[in-house]
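For reference, the structure discussed in these notes is given below.
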Amino acid sequence: MPRDKKREIAEYIQIEGVDSEQVYSSIERPQDLSKGDYALPCFKFSKILRKSPIAIAEMLRDQILKKTDSFESVEAINGYLNFKFDKKKETLYLLKEIFEKGANYADSNEGAGKTVCIDYSSVNIAKPFHIGHLLTTAIGGALYRTYRKLGYNPVGINHLGDWGTQFGKLIVAFKKWGKEKDLLEKGVTYLTELYVKFHKEAESEPYLDDLAREYFKRIEDGDKESLDLFSLFKDITLREVSKVYARLNIVFDSYAGESFYNDKMAPILKEIEDKLLMQISDGAGIVDLSPYNMPPCLLVKADGATLYATRDIAAAFYRKKTYDFWKCLYIVAYQQNLHFKQFFKVIEMMGYDWAKDLIHVPFGMVSLESGSLSTRKGNVVLLNDVLNKATEKSLEIIQQKSPNLKDKELVAEKVGVGAVLFFGLSSGRIKDTVFCYDQVLNFDGETGPYVQYTNARCNSIIRKSEIPVTNLTPDFSSEELNSISDDSSFSLISLLSKFGEVLTDSLEKYEPSFITRYIVDVSQSFNKFYLENRIIDGATGTNKPRLALVYATRTVLTEGMRLLGIEAVEEM
Ligand code: ARG
């Protein structure tokens, strides 16, 4: 558990008529850290205490100073109570904590007993895995790992798009024109080609569409030949996608996709009918959402076919029953805002209060600098191709910068793929972004490679010091600590101490970009510290407290990258 400094402060404060939780949640981080490390605004307590905030702050200050001298200072300024922690105590505390915990630094159990379902990536069978899937995959993966670090039980779900009449079309196309050899060789690309051909042919041969419907029905009815082909298409897609997941360090606990809910919709549709929520409109079953200013939620078509929303409702019930989630997140582009609002509402109307725990986590669009990334035929940009190109370009840069580096290809893979992930996680989710290789790979920008480079710099200092870190117990005397008491060292130290808070905040807002921002800040702060302080000095040997700070920085950077799915490289 990271130390909770707000809690420490709150324990010293008693205000009549205000419970300690409220005091705790009122404590904030001042914008201007020169005023203090934490502050308590006293305005809120004026009414209850019938005193001015200024008087309250002064009263509380006196109360605290009588009880403890563990703060460096406690000051009442303009109705604020400002706290400064003792720098050296803080420093020692932090270094010991990081040395003791290593990668587990900032782990916590704040999520104990809470299961979070995360529906992410959720690819479509027989369709290309394109760069449009980068954000859902990267954000979902980062949230998954961060939840786990904070003691939650995350369940990663790939809600496969493996249902719909398009599979009937594919079967028809494959039977008519397909060759198994080509399919095995070309994979999903071949399936998309067949799909395009089907559409072209069906324009002049409309019977093909009827045939496709017929074949889709055969899958539904469990016809062996059709099911076998359907499974083959599915296997081929998943095999391809899995390779990309492996590069991105992405894992799932469940691949229960749309087809999995085939036999789970009927009882739910019946319940909706029994609760008098279903209306028939032109033969179709809908739930009227006009009281909520939304178009109706279509659940059953006139021909009896179910829809995307129907399967999502069944999936939500299944997840509630199977995992008893605390929250169920859907990491899906904002284009689907209405879909989620609609089906969440239907579940709420059915009387389930857990509908409030279903959360759509939307994100914006990625476009390539040379134009939008459409999924329409011809101009899809495959995510795997983007990773390949980023890796190639990294290799070129590495070859220039460090021609003698060992295992350059391996390093380039981690740096290149990491740069793409970092890009996907670097702006606020909702923003539309433009992907540009040169920016993403700029070693001096606020990028993945910059953080990798800083982390590798830490490694190289540690190597050169020739002091095994395990021999470096950070039990420094007050005098020794003077060498890391300057401003740039202390800024770095206070930044490192915030790791846990950043993780909590990023989960609260479902924003991995907080972590991305944070590791850039740590890197910049480290590079300033490094510029201003000599760590290995020829004359006097290694400055151990500074080396300890390098180790602490490396620990946080490596772990921060891991949470984002990025593997740190040892050297670069
Ligand atoms: N396969 C869908 C798509 O590519 C995303 C599915 C998201 N998850 C869900 N439960 N609806 O648009």
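Name the residues in region 332-346 that are surrounded by 21 or more Cβ atoms within 10 Å (Cβ to Cβ) and either of a type in the set (Lys, Arg) or away from the ligand (no atom under 13 Å from the Cβ) (or both), would you? Passing the criteria: only 346. Of all residues in region 8-32, those satisfying the criterion of being under 22 Å from residue 494 (Cα atoms), of a type outside the set (Phe, Trp, Tyr) and surrounded by 13 or more Cβ atoms within 10 Å (Cβ to Cβ) are 8, 9, 10, 11, 26, 27, 29, 30. Filtered by the rule that a residue be in a loop (DSSP other than H, G, I, E, B), crowded, with 19+ Cβ neighbours inside 10 Å and at pLDDT below 95, region 442-471 gives no residues. Only one entry in 292, 308 is surrounded by fewer than 17 Cβ atoms within 10 Å (Cβ to Cβ), over 19 Å from residue 220 (Cβ atoms) and either of a type in the set (Phe, Trp, Tyr) or modelled with pLDDT of 95 or more (or both), namely 292.
In region 131-153, the residues that are free of Cβ contacts under 8 Å to residues at least 12 places away in the same chain reach residues that are not in a helix (DSSP H, G or I) with C-beta atoms within less than 7 angstrom, at least six apart or across chains, in these pairs: 148/154.
For residue 69, the criteria (1) in a loop (DSSP other than H, G, I, E, B); (2) of a type in the set (D, E, K, R); (3) closer than 28 Å to residue 155 by Cα hold in every case but one, which is (3). Within the span defined as region 348-369, one or more residues are under 30 Å from residue 277 (Cβ atoms), more than 15 Å from the ligand (Cβ to nearest atom), without any contact (Cβ under 8 Å) to a residue 40 or more places away in the chain and not in a helix (DSSP H, G or I).
Residue-wise test of (1) out of contact with any Ser or Thr (no Cβ under 6 Å at 6 or more places or on another chain); (2) modelled with pLDDT under 95; (3) more than 15 Å from the ligand (Cβ to nearest atom); (4) of a type in the set (D, E, K, R).
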{"position": "312", "(1), (2), (3), (4)": "yes, no, no, yes"}
{"position": "323", "(1), (2), (3), (4)": "no, no, no, no"}
{"position": "330", "(1), (2), (3), (4)": "yes, no, no, no"}
{"position": "388", "(1), (2), (3), (4)": "yes, no, yes, no"}
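Please find, within region 104-124, the residue that is nearest to residue 140 (Cα to Cα) out of those that are in contact with a Phe, Trp or Tyr (Cβ under 6 Å, 6 or more places away or on another chain) and not in a strand (DSSP E or B). Here the residue is 123. In region 68-92, the residues that are more than 30 Å from residue 546 (Cα to Cα) form Cβ pairs under 6 Å with partners that are of a type outside the set (S, T, N, Q) and part of a strand (DSSP E or B), at six or more places apart or across chains, as follows: 80/39; 80/41; 81/40. Considering 192, 137, the condition of being surrounded by fewer than 23 Cβ atoms within 10 Å (Cβ to Cβ) and under 26 Å from residue 336 (Cα atoms) is satisfied by 192 alone. Just one of the numbered conditions (1) part of a helix (DSSP H, G or I); (2) in contact with a helix residue (DSSP H, G or I) (Cβ under 6 Å, 6 or more places away or on another chain) is not true of residue 474: (1). Residue 271 meets all of the listed conditions (1) away from the ligand (no atom under 12 Å from the Cβ); (2) crowded, with 19+ Cβ neighbours inside 10 Å; (3) in a helix (DSSP H, G or I) but one, namely (2).
May I ask you to verify whether residue 138 is in contact with a helix residue (DSSP H, G or I) (Cβ under 6 Å, 6 or more places away or on another chain), within 16 Å of the ligand (Cβ to nearest atom), hydrophobic (A, V, I, L, M, F, W, C) and not in a loop (DSSP other than H, G, I, E, B)? Yes: the conditions hold for residue 138.
Scanning region 335-382 for residues that are hydroxyl-bearing (Ser, Thr, Tyr) and at pLDDT 90 or above yields one hit, 352. Can you pull out every residue in region 298-310 that is more than 10 Å from the ligand (Cβ to nearest atom) and either of a type in the set (D, E, K, R) or not in a loop (DSSP other than H, G, I, E, B) (or both)? Answer for region 298-310, where residues must be more than 10 Å from the ligand (Cβ to nearest atom) and either of a type in the set (D, E, K, R) or not in a loop (DSSP other than H, G, I, E, B) (or both): 298, 299, 300, 301, 303, 306, 310. Here is a check on your reading of the model: is residue 113 more than 10 Å from the ligand (Cβ to nearest atom) and crowded, with 24+ Cβ neighbours inside 10 Å? It is false that residue 113 is more than 10 Å from the ligand (Cβ to nearest atom) and crowded, with 24+ Cβ neighbours inside 10 Å. Looking at region 64-71, can you tell me whether even one residue there is more than 30 Å from residue 258 (Cα to Cα), of a type in the set (Val, Ile, Thr), away from the ligand (no atom under 16 Å from the Cβ) and in contact with a helix residue (DSSP H, G or I) (Cβ under 7 Å, 6 or more places away or on another chain)? No: zero hits. Residues being within 22 Å of residue 534 (Cα to Cα) and free of Cβ contacts under 8 Å to residues at least 60 places away in the same chain are represented in region 490-513 by at least one member.
Do the conditions hold for residue 46, that is, is it in a helix (DSSP H, G or I), at pLDDT 85 or above, exposed (fewer than 13 other Cβ atoms within 10 Å of the Cβ) and of a type in the set (S, T, N, Q)? No. For region 284-330, a residue qualifies if it is touching a Gly at 6+ places or on another chain (Cβ under 6 Å) and over 24 Å from residue 118 (Cα atoms), and the qualifying residues are 300, 302.
Among the residues that make up region 79-102, is at least one of them within 16 Å of the ligand (Cβ to nearest atom), over 30 Å from residue 483 (Cβ atoms) and not β-branched (Val, Ile, Thr)? No, every residue in region 79-102 fails to be within 16 Å of the ligand (Cβ to nearest atom), over 30 Å from residue 483 (Cβ atoms) and not β-branched (Val, Ile, Thr). Scanning region 197-222 for residues that are surrounded by 14 or more Cβ atoms within 10 Å (Cβ to Cβ) and either small (Gly, Ala, Ser) or touching a residue at least 60 places away in the same chain (Cβ under 8 Å) (or both) turns up 202, 212.
The values are calculated or read from the model by the stated rules, or taken from the named source; none is laboratory data. Note that the structure is a prediction, hence the values are computed from the model and not measured. So basically every Cβ, Gly included, is an ideal-geometry build from the backbone, and we count neighbours across all protein chains shown.
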